[in-house]
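Below: the structure, in structure tokens.
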Amino acid sequence: MSRTELEELAWRWRELARSLSNRAGEDSRTSSRPPSSDDPYRRDARGQPTAAGPDTGATSAGSPESAGKPAQKNAGTPAGKQPGAKGYWRRQPIVASAEVEHAARVCAACRALLGPDLKRRCICAHNSLELVRAAMALQVTATRHSYFAVRCPCGHDNVDRPRVGLGSLIEGRKRNLRMSERCLVGPMLATFIAALSLRCRLSRRKIQEFLRDWLNLELAVATIERCVHEFGLASEPVVECLIQDVRAAQIVHLDETPWYQRGVLLWMWVAVTATTIVYRIGSRRKGELTALIGDAFLGWLVTDGYGAYRDHPRRQRCLAHLIRKALALAEGSYGAGSDFGRDLVRDLRRLIERVHHGADADALKRLTSRIKWNCQCNRHEIETKVRDLAGEILNDWGAVIAFVSDPNLPPTNNDAERALRHAVIARRISYGTRTDEGSRFYAAGLSVIDTCRRRGVEPWAYACSLIATARANLTLPMIPAKLAA
Ligand SMILES: [Zn+2]
């Protein structure tokens, strides 16, 4: 090459390197990319939302939407209606189409039957909107519920009142959540609203718009919020039982994904068994794992390469992750490392296939020895990525090939990855949750819905009975066991 050609080439390469490195450094502040595409871990470096360490409270960071805006704008300003803002009240008149009378039939003191002819007075009454699901029909109806006091001939006053159920008390909050039968929104309509929020990932405003446009029903955002939270609150005791199911399971898939709570980086953990799915939003520490599977878990864990799982003796490493890394080597320019990547992809895929089809032990042994040998040869490769992948497989060798000797173990962690997809999309739409209570309710609600789906139980009928019993302070129904296929 002549000197001019060399100079020309060097110049072109310099330009290419410059444009690539510029593009790699771009994020939502400096390009048209959406904020949801930002790397959650690189946010930390920019002094934006920080990870919740042991000593940082929920108040330490602004929300990610405020990237670039002055931080004081939302520091200390609570969400919701601001002092002095114009109030919003019910404008739609409610026309009740039916009336339900609640009056004691038997005297609590003398056990005598209380006939309809006895003198009674109305204690309280409220209207309740309910969604009626008939075959191919959906309708909102209003019912008037009246509660009566009946005077028995023995002199005892039998008073019937709406029952009050579960509550969520937080110190310093102006208005706490307390479930009660005295509620504008009936259990099925509340379930429907919770489904729109949790399953269809609609924001509170979008739910309001949907109800107004399609059901001709005007509800305030706070009422909608209350319905979603009621479902979360009623789900919490059920999730306690689901966690017991997870701890008793033979095989548990575990995975985690970033989650934001008021802009603070947390993790959403998921534990998936054959019949149960439990979510948990918490810190990124290992203690959260103990909260899910307990200290004395005896079964098998199926996980990715994350360090928090490493201590567990009975563990299957997700091969899909390793294949993905090997594929990156094969398709990148790593010289001899690319050949290693190609061989690894082929061998790992072949291993999964042969185990699935039940190949004989000798063939499997030859294949695993070849993978191990291949990794050993590349353990001291100059390229960091090649060296790291070889080391990763060798350091965790027992967990990589555990499924070869135990045919019940799945070779990949797809069950947990799939379970998290829904929440990942929700995070991208809504930017996570805002409070501890909101995170708890969100995780509990998702756990109940997904466990129902996994067990072949209709989630919404179950959710409706859950809300109704939690409001009436009765014993909560448990999710039925998996129906026989
Ligand atoms: Zn009596």
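Computed packing ranks the peptides 2-13, 405-416 as 405-416, 2-13, most packed first, by mean other Cβ atoms within 10 Å.
Rolling a 1.4 Å probe over the protein heavy atoms of the chain, with every protein chain left in place, gives an accessible area that is 53 percent carbon and sulfur. Summing charges over neighbours of C183, with a neighbour being any other residue whose Cβ is under 13 Å away from its Cβ, gives +2 when K and R count +1 and D and E count -1. Volume of the convex hull of the chain (Cα atoms only), normalised per residue: 243 Å³.
Couplings for the range 279-291, taken from phi via the Karplus curve 6.51 cos²θ - 1.76 cosθ + 1.60 with θ = phi - 60°, read 9, 8, 9, x, 5, 9, 8, 5, x, 5, 5, 4, 4 Hz in order; Gly and Pro are left as x. Calculated accessible area for the chain comes out at 56 Å² per residue, all protein chains present (probe 1.4 Å; ligands, DNA, RNA ignored). Taking a ≥ b ≥ c as the square roots of the eigenvalues of the Cα gyration tensor, the range 405-485 is classed as oblate, since a/c reaches at least 1.5 and a/b does not exceed b/c. Per the Debye calculation on the range 313-360 with a single equal scatterer at every Cα and no solvent contribution, log₁₀ I(q)/I(0) for q = 0.18 Å⁻¹ amounts to -0.59.
With axes computed from alpha carbons, what is the tilt in degrees of helix 459-471 against the longest principal axis of the chain, rounded to the nearest 10 within 0 to 90? Here the helix axis deviates by roughly 50 degrees. Residue ranges 308-321, 15-28, 344-357, 186-199 sort as 186-199, 308-321, 344-357, 15-28 when ordered by packing (mean number of other C-beta atoms within 10 Å per residue, highest first). For the range 303-311, 3J(HN,Hα) computed residue by residue from phi via the Karplus equation (6.51, -1.76, 1.60; θ = phi - 60°) reads 9, 8, x, 4, x, 4, 8, 4, 5 Hz, glycine and proline entered as x. Under 5 Å from the amide H of I277 lie the amide H atoms of T451, each residue being 5 or more positions distant or on a separate chain, with H modelled from the backbone and absent for Pro and chain starts. Placing unit charges on the Cβ atoms only, positive for Lys and Arg and negative for Asp and Glu, gives the chain a dipole magnitude near 1300 debye about its Cα centre. If R0 is 56 Å, the Cβ-Cβ spacing of D27 and C154 corresponds to a FRET efficiency of close to 0.15.
Could you let me know the centre-to-centre spacing of the range 1-35 and the range 430-485, using Cα atoms, in angstrom? For the range 1-35 versus the range 430-485, the Cα centre distance is 51 Å.
Considering only alpha-carbon pairs that sit under 8 angstrom and 6 or more positions apart, the relative contact order computed for the chain is 16 percent. The calculated 222 nm mean residue ellipticity attributable to helices in the chain amounts to -14000 deg cm²/dmol, summing -39500 (n - 2.57) over DSSP H runs of n ≥ 4 and dividing by all residues.
Would you work out the relative contact order for the range 319-405, in percent, from Cα pairs under 8 angstrom that are 6 or more residues apart? Here the relative contact order equals 27 percent. Distant-in-sequence amide contacts of W300, defined by a placed amide H-H separation under 5 Å and a gap of 5 or more residues or a different chain, comprise I251, V252. Taking every C-alpha pair closer than 8 Å and separated by at least 6 residues, the mean separation divided by the residue count of the range 132-228 gives a relative contact order of 18 percent. Please work out the Cα center distance from the range 201-273 to the range 83-138, rounded to the nearest Å. Centre-to-centre (Cα) distance: 29 Å.
Taking amide H positions as modeled 1.01 Å from N, with prolines and chain starts lacking one, the residues under 5 Å from D255 and 5 or more places away or on another chain are V270.
I'd like the antiparallel share, as a percent to the nearest 5, of DSSP beta bridges with both residues in the chain. So the antiparallel bridges amount to about 70 percent of the total.
Couplings 3J(HN,Hα) for the range 314-325, derived from phi with the Karplus relation 6.51 cos²θ - 1.76 cosθ + 1.60 (θ = phi - 60°), are 9, 8, 10, 7, 6, 6, 4, 5, 5, 4, 4, 5 Hz, where x marks Gly and Pro.
The values are calculated or read from the model by the stated rules, or taken from the named source; none is laboratory data. Keep in mind the model is a prediction, meaning the values are calculated, not measured. Every residue, glycine as well, gets a Cβ built from its backbone with ideal geometry; the counts of neighbours run over all protein chains shown. Areas reflect the complete protein model, heavy atoms only, side chains present, ligands, DNA and RNA absent. Shrake-Rupley method; radii C 1.70, N 1.55, O 1.52, S 1.80 Å.
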